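Below is one structure. I have some questions about it.
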Amino acid sequence: MKILLTAINAKYIHSNPAVYSLRAYALEAAESKTQYFPEIEIAEYTINNRREEILADIYKRKPDVIAISCYIWNWSMVSSLLPELPKVLPEVELWLGGPEVSYNPDELLQKYSMVKGIMIGEGEETFYELTQYYGKSGIKLDEINGIVYRKQEFLGRESSQLSASRKSAEDIVHTQPRELTDISKLPFLYEDLGQFENKIIYYESSRGCPYRCSYCLSSIDKKVRLRNIEIVKKELQFFLDNKVKQVKFVDRTFNCNHEHAKAIWQYLLEHDNGVTNFHFEIEADIISEEEMEILAKMRPGLAQMEIGVQTVNPTTLQEIRRTTNTEKLRKVVEKIRAGHNIHVHLDLIAGLPYEDYESFINSFNEVYSMEPEQLQLGFLKILKGAYMQERALDYEMKYLDTPPYEVLSTKWLPYDKMLLLKQVEEMVELYYNSNQFTHTLPILQTVFRDAFAMYRSLADFYQEKGYFLASPARSYRYQVLLDFAMSTELSDKEDLIRQALTFDLYLRENAKSRPNFARELVPFKEQVRDFYEKEADEFCYLTEYKNYDSRQMSKMTHMEIFDYPVWEDDISKKMQKLDKPCMVLFDYLSRDALTYEARYIVVDGEIL
């Protein structure tokens, strides 16, 4: 008897911890109880695979039972795959689980007659008992808590076009709800890291959330369960010892228990391996001073914080049952950013109740002014089981019938405004979140009323040029931004914009080909050569290059000439022309651990 746990991820770099947890728990439980030891195989695909490819691969594995992990991002693929599986594997029994199928199981079982049953909620113990059922150990389906299934023993071999009587609700059995899992009893998933090569490692130190945000499924289970801290430390040390690149905590509100959060952050601070990055989702306005002190001591790049702001509209916050103190949140973000050691990711949601277009603009500008490394502009999704689904009619929300169930319009935000926000989102992603234009964007913003107006105007420029249909390559976006700037009141500042773009480009990469917007360096060729020859003798600036000659150093670094101090933080200084050209040296062996920007050195002015 082979059971195939099937995951269809959004991207190749993603893994599905749920299926690994189900297998690990089932095997450990079977071993400890000396019961039937099932053959459990995991198959992971992505939504970018063709359905026929997934079907063929599953067929070649020859499973007897298939259990599919269902989420908002893969349901379209899963639902299209379900009718095809019995055609090639007529004896197979199909089970579903996951948040996408846990809240309307009756409807799904009536619609997908080839599905034997659905596992509801947390699945480790449920799946283990299911493996024992298929192992003929004596357990019956109606004795397994947390499932919804058909009375018929087997339907897989029959046509999916069953009569209405065979699909009736009378055929469906609900067993007793499953008790919440003691997550300290769950086995560690990552003993064999080879299975996760080149993939993000997800880690869970708690389940549940104390908050009741109306759009979130985590609000359904308000009981927070913590994994034993000594177990957590041992497992974190495993990641540290193996120098895993990144570990993403999936805890819904990591710092809701202060002692738990402090213990983990303190452990990471004391055992930092200089390589591994840890990602946390936190509630910033409840963070304590003790926690802030620990974070302030961390190595740049050790931790990154994702903070869900969602909105700053007080009426909206109250309606969606959030208690965020926006002013305190701002102060916390400012304090974290002042340490220049922690990557800050802030989230906004468009389409929330009582937030109209102008209100969202205000939320955007408030969050943008906090200067996060990443600003995620998301759109409300009406998730099955969430309280927001119950209120959608009251809010006159129109949303997609199929995943991702994204809101198209609300009583306060019409569809045309939502489309504008979609375009702004793309501009923010390309020009802000790419971190390619950190010194150019502040200059551009000086001629706009606010940050949102700048991105809205840039979106209009993209629309006019047809770039939304044919998106410019990453390297060409510099030229596009120059063209956009020249269409604004900065048209008389072309040299300034060109030099800011040049600075931004070389700050990130030692470009092999000279961009068209950069100034001609031929007039400065001798001065640049003299600099490197002198540096090869004295090593005043490039002390790490003592094993290289002047020619090698000139290829490994880059020298640029500027008439404006575009690197200045003060915008007024940035725009003030220098008395004479200035040399700036970009050193790519030394990069900022937080931003990955190259070290730059303003060379002594006597050179020119």
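Output the 0 to 90 degree angle, nearest 10, between the alpha-carbon long axis of helix 124-134 and the longest principal axis computed from the alpha carbons of the chain.
Computed tilt is about 40 degrees.
At R0 = 45 Å, how high is the FRET efficiency between LYS573 and TYR12 if r is their beta carbon distance? Nearest 0.05 is fine. Each step should come with its number before you reach the end.
Numbers: r = 45 Å, r/R0 = 1.00.
E(calc), rounded to 0.05, equals 0.50.
Label 7 Å along Cα→Cβ of GLU538; the range 548-577 residues with amide nitrogen under 16 Å?
Residues 550 qualify, since their backbone N sits under 16 Å from the label point.
Which order do the peptides 307-318, 411-422 take when ranked by the mean count of other beta-carbon atoms within 10 Å per residue, highest first?
The peptides rank, most packed first, as 307-318, 411-422.
At a 10 angstrom cut-off on C-beta neighbours, averaged per residue, how do the peptides 328-335, 568-575 rank from highest to lowest?
Details: 328-335: 17.4, 568-575: 12.8.
Put in order of decreasing packing, that is 328-335, 568-575.
Pop a pseudo-label 7 angstrom from the Cα along the beta-carbon direction at both SER76 and ARG449 and give the gap in nm to one decimal.
For the pair SER76/ARG449, the computed spacing is 3.5 nm.
Kindly point out, ordered by number, any Cys in the chain whose beta-carbon has no other cysteine beta-carbon under 4.7 Å away.
Unpaired cysteines in the chain: CYS70, CYS209, CYS256, CYS540, CYS582.
Compute the angle between helix 229-241 and the longest alpha-carbon principal axis of the chain, please, reported from 0 to 90 degrees and rounded to the nearest 10.
Here the helix axis deviates by roughly 50 degrees.
Round to the nearest 10 and give me the degree value, 0 to 90, for the angle of helix 477-486's Cα axis relative to the longest principal axis of the chain.
60
Using 32 Å as the Cα-Cα cut-off, could you pick out the over-long pairs in LYS2/LYS381; LYS384/LYS411; LYS248/LYS555; LYS11/LYS140; LYS60/LYS233; LYS136/LYS245?
Over 32 Å Cα-Cα: LYS2/LYS381; LYS248/LYS555; LYS11/LYS140; LYS60/LYS233; LYS136/LYS245.
With r defined as the distance between the Cβ atoms of LEU269 and ASP182 and R0 fixed at 30 Å, what FRET efficiency is calculated, to the nearest 0.05?
Calculated value: 0.60.
Number of Lys pairs in the range 421-546 with C-alpha atoms less than 20 angstrom apart, excluding same-chain neighbours closer than eight positions?
Values: LYS422/LYS465; LYS512/LYS525; LYS525/LYS534; LYS534/LYS546.
The number of close lysine pairs in the range 421-546 is 4.
Evaluate the distance, in nm, between pseudo-label points positioned 7 Å from the Cα of GLU31 and of LYS262 along their respective Cα→Cβ axes.
Roughly 3.7 nm, to one decimal.
Given labels modelled 7 Å from the Cα in the Cβ direction, how far is it in nm from THR315 to ASP394?
Each label point is offset 7 Å from its Cα along the Cβ direction, giving 1.5 nm.
What does the charge count near VAL407 come to, summing +1 for each Lys or Arg and -1 for each Asp or Glu among other residues with Cβ under 10 Å from its Cβ?
Charge balance near VAL407 sits at +1.
Where a number appears in this text, it was derived from the coordinates with a stated rule and is not lab data. Every value quoted in this text rests on a predicted model; they were computed, and no experiment measured them. Please note: Cβ atoms are built from the backbone with ideal geometry, for glycine as well, and neighbour counts cover all protein chains shown.
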